[in-house]
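Chemist: Following this message is one structure expressed as structure tokens.
Read-outs throughout are calculated quantities, based only on the coordinates presented, and are distinct from any laboratory measurement. Owing to the predicted nature of the structure, the values given are computational and were not obtained by experimental measurement. Quick reminder, even Gly has a Cβ in these numbers, built from the backbone with ideal geometry, and neighbours come from all protein chains shown.
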Amino acid sequence: MTLNEYNFAGKKAIVRVDFNTPLDENGHITDDTRIRGALPTLKKILNDGGAIILMSHMGKPKGKVTAKYSLSQIVDAVSEALGVKVQFVNDCMKAQAEAAALKAGEVLMLENLRFYPEEEGKPVGIEKEDPSYEEAKKAMKASQKEFAKTLASYADCYVNDAFGTAHRKHASTAVIADYFDADNKMLGLLMEKEVEAVNNVLNNIRRPFTAIMGGSKVSTKIGIIENLMNKVDNLILCGGMTYTFMKAQGGEIGSSICEDDKLELAREIIAEAKAKGVNLVLACDSVIADNFSNDAKTDIAPSNAIPTGWQGMDAGPESRKAFAEAIRDAKTILWNGPAGVFEFDNFAAGSKAVAEAIAEATTNGAYSLIGGGDSVACVNKFGMADKVSYISTGGGALLEAIEGKILPGIAAIKGE
Ligand code: AMP
């Protein structure tokens, strides 16, 4: 069942949203992207004549009631965004009466699901090494089912629109789906867009396909690199991981960031790219600095000949040209992770060059997907958010999807 096919008239929908919005110390929302992201789904339900029960987590209260993570702080903002006065229940397990009284066009928000350990389903106060851990885990799984069943009892249908937590098998993201038949559970519109975006870069590939993987370490990106190796034409590996690759090939990298236990892995990636005919593009030169700060003294050096006491902080001018070349003619583009320490303005040129080349290729008809925290921050910093095809809202979830993993939140609905 898809959301647009479903007629919500007279129905109560329990909707898992990601309202884990950042708040300042006074409890004011500093970025309402996540609330705005859920609006198309919520408006469709209300326009059909349905009622909504909203559920979300906020922060990491670890199974305990924690005032600073109370969703009550965002009720007014959600009311304003929706144009409907949102009701609130301060205990997600005690909403039977309020849910039963809910009428068409009304919206009820439940308190933070993670005030209960059952939401995440991990046993509390017991270490994995403890002999009774397995038993505690079993007991927790059983009470997680009860928790999900109670949530399900509030509504006629279930919608999951929280892509950010789709890689978690939690009560509200996956287990709850077992209590609805296939005709009464569906992905929200935001989730649908995310799934389509991932599909565009993993399955509906238009060639050439260029992936740009940056960030600090190769170890955290290896699953994605492995999966992409079978799909891309050009693979740009940039950012801090550059220096692990340079050292692996006998280069001098000064005090650049390096994972010494991943040198063999770097050599394997280079060999695999060669064997598979993937054009692997590494930063041949770097902007180097004499310390890790924006005010450091800078110079340009070959990435494999960085003097002692200096470190590679950003892609150099030749590298930027090579990156742009591999991006400009692409028809499918995926970018995750900055090409340098972009938080410091003096080391943002590499990431900016990547963003600009992606914007240009997108104007020329390419499909471009940007995802994973820092690269999203990059396109925002350079004011290019509206010049790319899609910016994913899910950090970890997107990365797992690109690794080729099935996300529990999606599988629970689609039955895969
Ligand atoms: P990740 O979380 O692995 O995606 O890494 C993102 C971080 O990598 C950003 O905070 C960047 O500042 C950092 N980064 C990028 N290039 C470098 C570099 N050459 N040296 C150190 N850190 C880097």
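Chemist: Report, by chain and number, residues whose modeled amide H sits under 5 Å from the one on Cys92, excluding near sequence neighbours (fewer than 5 apart, same chain).
Modeler: The list, which skips near neighbours in sequence, is Glu111.
Chemist: Now for a different question. Please list, ordered by chain and number, the residues whose modelled amide H lies under 5 Å from the amide H of Ser256; skip anything fewer than 5 residues away on the same chain.
Modeler: Correct list: Gly312.
Chemist: Then there's this: List the relative contact order of the range 130-221 as a percent without decimals, with contacts defined as Cα pairs under 8 Å and 6+ residues apart.
Modeler: Details: 54 pairs, mean separation 23.8, N = 92.
Contact order relative to length: 26 percent.
Chemist: Another one. Please check which bits of the range 1-36 a label hung off Glu80 would reach, taking the label as a point 7 Å along Cα-to-C-beta and the cut-off as backbone N under 11 Å.
Modeler: Residues passing the 11 Å test: 28-30, 32.
Chemist: Considering the zone a paramagnetic label at Asn291 would reach in this model (a point 7 Å from Cα along the Cα-to-Cβ line), which residues of the range 235-260 have amide N under 13 Å from it?
Modeler: Of the residues in the range 235-260, none has backbone N under 13 Å from the label point off Asn291.
Chemist: Which percent of Cα-Cα pairs in the range 214-257 sits in each 10 Å bin, short to long?
Modeler: Whole-percent P(r) values from 0 Å outward: 28, 51, 20, 2.
Chemist: If you take every residue apart from Asp32 with its C-beta less than 14 Å away from the C-beta of Asp32, what net charge results, scoring Lys and Arg +1 and Asp and Glu -1?
Modeler: Within the 14 Å Cβ shell, the charges total -3.
Chemist: Taking a cut-off of 16 Å, what percent of all Cα-Cα pairs in the range 160-238 are separated by more than that?
Modeler: 64 percent
Chemist: Using only Cα atoms, figure out Rg for the range 195-402 and give it as a multiple of 2.2 N^0.38 Å.
Modeler: 0.94
Chemist: So how many Å³ per residue does the convex hull of the Cα atoms of the range 96-166 work out to?
Modeler: Spelled out: Cα convex hull of the range 96-166, divided by residues, is 116 Å³.
Chemist: Ok, one more. By average Cβ neighbour count within 10 Å, what is the ranking of 218-231, 304-317, 125-138 from highest down?
Modeler: Details: 218-231: 17.8, 304-317: 20.4, 125-138: 10.6.
Sorting 218-231, 304-317, 125-138 by mean packing, highest first, produces 304-317, 218-231, 125-138.
Chemist: Let me ask something else about it. Please report how far the C-alpha centroid of the range 147-225 lies from that of the range 284-311, rounded to the nearest whole angstrom.
Modeler: Between the Cα centre of the range 147-225 and that of the range 284-311, the gap is 40 Å.
Chemist: Could you grab the relative contact order for the range 3-187? Cα pairs under 8 Å, six or more apart, rounded to a whole percent.
Modeler: Once divided by the residue count of the range 3-187, the mean separation gives 26 percent.
Chemist: Rounded to the nearest 500, what is the chain's calculated 222 nm mean residue ellipticity when only DSSP H runs of at least 4 contribute -39500 (n - 2.57) each, over all residues?
Modeler: -10500 deg cm²/dmol, from helical runs alone.
Chemist: Could you state the per residue volume, in Å³, of the convex hull enclosing the Cα atoms of the range 1-115?
Modeler: Convex hull of Cα atoms, per residue: 99 Å³.
Chemist: In the neighborhood of Lys128, defined by Cβ-to-Cβ distances under 11 Å, what is the net charge if each Lys or Arg adds +1 and each Asp or Glu adds -1?
Modeler: Result for the neighbourhood of Lys128: -2.
Chemist: Another one. How big is the Kirkwood radius of the chain, worked out from every pair of different alpha carbons and given in Å to one decimal?
Modeler: 23.1 Å
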